[in-house]
Amino acid sequence: MNIFALRWWKKVVTTPSPHVPWPPKSNIDEIDEIAHIRNDWLSLIHQETMSTQFQWLFLDHLDNKMRFSVITPWFIESIWALITVLDLWEWDEIVCSPFADYALYDALEKAWVTVKIHDCQKETGQVLPEDITRYVTQHTKLVIVTHHRWNIIDIPSIRQVIHKHTLIIEDCSYAHGASISIDNTKQMVWTLWDVALFWLQYEKLIYTGQWAILVTNNRLIVDCVKQLFINSYQAIHAPQGSVFSQKYYLSPLHAILWKYALRKYTYTRQGSDKCLAYFRERLSIVSYLSFVAWSNEWYTQSSWYGFVLQYNQKHLRKLPLSWLITLLASEWVEVRCADDSIIECLSDKGQLQDHNAYDISKSLLYLPSFYDRYDHKDVIDQYIAAFRKIQLNLFC
């Protein structure tokens, strides 16, 4: 196996790790503005002003389809705040995605409500409206719809089935800029229903750090969530383990990062789409890897780890996925499996192994998101060369 660079043999990928620098490189104006705010804008009053300013910038970025927003320190805390606002009881139910981050499930479990994990289509991994609605009952108070990296969910069709008092939250963490065609009309993901949440983690197209933003047209929801965080911030002597963070206001550094991420968004999104199309074209020479069966909107979707591949063991002598990851990593390919998703974590505990999502998750490979069609073209070619090297050597 030395030919696979497990020891001293030459590696295919020569780009130093991490292969994709993120976020995009700053310019002198961005650096100067960060320095200016560091020196002059460190008071809490100014931080609150900056938070408000960048909330309006983000709403403008969303074409003002949503009227209200609130910044939260972390995505999970946004969910916690919404649960608190809804005043859920132990007999109430929440439905969420098997492909969402396990931290979401862990947070929901602590809410003392029943958490149901919906399923997907067996062959494609697509989530259709009926895959979600079959888990909805009269006790369901909240449905968290995660737009996956390969699938935009048709939320209006879900709303036609479930009770009007059931709140629908769009998890847009993996779909910055994604859209769906509804009645031959293009609609962006954050405009589909009640509340949309964006996690602005540093590897996403719109980034600040670990912050999140909640957008909605419901003024009452925003006011209640905002008040929860403000009260938490002011509660200096809050009990240890308090749910809400005491860092409500956006820091100057994160605010500037957000500002420049919004400015660069169009360039970064277009570059990401072109890299995705180029990667898909080059991948045609690799027999054992393919893109997941994308929905029709795959080309508009940009996300954190947006390059999701499906591994077919039959085309590589039934080599286990863990072995394939080891071989690819030895070639300096930055790759991982979906080890932090709900379906992965719960299946390891012996749960949900009868779900179609379980079989899908066991065949997925996650690569970095390439966003510069000029700088990252060579890295994509090197990745394809590594895939081909494994294919040729295992069949020689």
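The values are calculated or read from the model by the stated rules, or taken from the named source; none is laboratory data. No experiment lies behind these values; they were computed from the predicted model shown. Positions of Cβ are backbone-derived with ideal geometry, glycine not excepted, and every protein chain shown enters the neighbour counts.
Please find, within segment 115-130, the residue that is farthest from TYR105 (Cα to Cα) out of those that are without any contact (Cβ under 8 Å) to a residue 60 or more places away in the chain and assigned to a loop (DSSP other than H, G, I, E, B). Full working, then the answer.
Filtering segment 115-130 for residues without any contact (Cβ under 8 Å) to a residue 60 or more places away in the chain gives 115-116, 118, 127-130.
Of the ones still in play, those that are also assigned to a loop (DSSP other than H, G, I, E, B) are 118, 127-128.
Working: HIS118: 12, VAL127: 18, LEU128: 21 Å.
Applying the filter and picking the extreme gives LEU128.
List, please: which pairs have Cβ atoms under 8 Å, are six or more places apart or on different chains, and start with a residue in segment 354-366 that is assigned to a strand (DSSP E or B) and end with one that is of a type in the set (Ser, Thr, Tyr)?
Qualifying pairs under 8 Å: LEU364/TYR311; LEU365/TYR311; TYR366/TYR305.
Conditions (1) closer than 23 Å to ASP223 by Cβ; (2) in a helix (DSSP H, G or I); (3) in contact with a Ser or Thr (Cβ under 8 Å, 6 or more places away or on another chain), marked per residue:
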{"site": "ASN64", "(1), (2), (3)": "yes, no, no"}
{"site": "ALA81", "(1), (2), (3)": "yes, yes, yes"}
{"site": "ALA111", "(1), (2), (3)": "yes, no, no"}
{"site": "ILE132", "(1), (2), (3)": "no, yes, no"}
{"site": "VAL143", "(1), (2), (3)": "yes, no, yes"}
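Hey, any hits in segment 371-392 for a residue that's outside any loop (DSSP other than H, G, I, E, B), free of Cβ contacts under 8 Å to residues at least 60 places away in the same chain and not small (Gly, Ala, Ser)? Lay out the reasoning, then the answer.
Filtering segment 371-392 down to residues outside any loop (DSSP other than H, G, I, E, B) leaves 377-392.
The next check asks that each one be free of Cβ contacts under 8 Å to residues at least 60 places away in the same chain; those that pass are 392.
Still in the list and also not small (Gly, Ala, Ser): 392.
Within segment 371-392, one or more residues are outside any loop (DSSP other than H, G, I, E, B), free of Cβ contacts under 8 Å to residues at least 60 places away in the same chain and not small (Gly, Ala, Ser).
If a residue must be polar (S, T, N, Q), within 18 Å of HIS148 (Cα to Cα) and touching a Ser or Thr at 6+ places or on another chain (Cβ under 8 Å), how many such residues does segment 340-396 contain? So that I can check it myself, show each step before the final result.
Looking only at segment 340-396, we keep the residues that are polar (S, T, N, Q), and these are 341, 347, 351, 353, 356, 361, 363, 369, 382, 391, 393.
From what is left, the residues that are within 18 Å of HIS148 (Cα to Cα) are 341, 356, 361, 363, 369.
Next, from what is left, pick out any that are touching a Ser or Thr at 6+ places or on another chain (Cβ under 8 Å): 341, 361, 369.
Selection size over segment 340-396: 3.
Can you tell which of ASP92, ASP154 is more than 20 Å from CYS345 (Cα to Cα) and surrounded by fewer than 18 Cβ atoms within 10 Å (Cβ to Cβ)? Full working, then the answer.
Numbers: ASP154 fails: surrounded by fewer than 18 Cβ atoms within 10 Å (Cβ to Cβ).
None of the others qualify; the one that does is ASP92.
Hey, can you tell me all the residues within segment 95-115 that are surrounded by 18 or more Cβ atoms within 10 Å (Cβ to Cβ) and among the basic types (Lys, Arg)?
Listed by number, the list is empty, since nothing qualifies.
Only one residue in SER322, SER330, SER272 is touching a helix residue (DSSP H, G or I) at 6+ places or on another chain (Cβ under 7 Å) and at pLDDT 80 or above, so which one is that?
Details: SER322 fails: touching a helix residue (DSSP H, G or I) at 6+ places or on another chain (Cβ under 7 Å); SER272 fails: touching a helix residue (DSSP H, G or I) at 6+ places or on another chain (Cβ under 7 Å).
Criteria check complete, one pass: SER330.
In segment 181-199, which residue that is crowded, with 18+ Cβ neighbours inside 10 Å and in contact with a helix residue (DSSP H, G or I) (Cβ under 7 Å, 6 or more places away or on another chain) is nearest to ASP87 (Cα to Cα)?
That would be VAL195.
Quick grid of which residues meet (1) crowded, with 22+ Cβ neighbours inside 10 Å; (2) in the same structural domain as CYS345 (by TED's automatic domain parsing); (3) over 21 Å from ARG269 (Cβ atoms):
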{"site": "PHE370", "(1), (2), (3)": "yes, yes, no"}
{"site": "ARG373", "(1), (2), (3)": "no, yes, no"}
{"site": "HIS376", "(1), (2), (3)": "yes, yes, no"}
{"site": "GLN382", "(1), (2), (3)": "no, yes, yes"}
{"site": "ALA386", "(1), (2), (3)": "yes, yes, yes"}
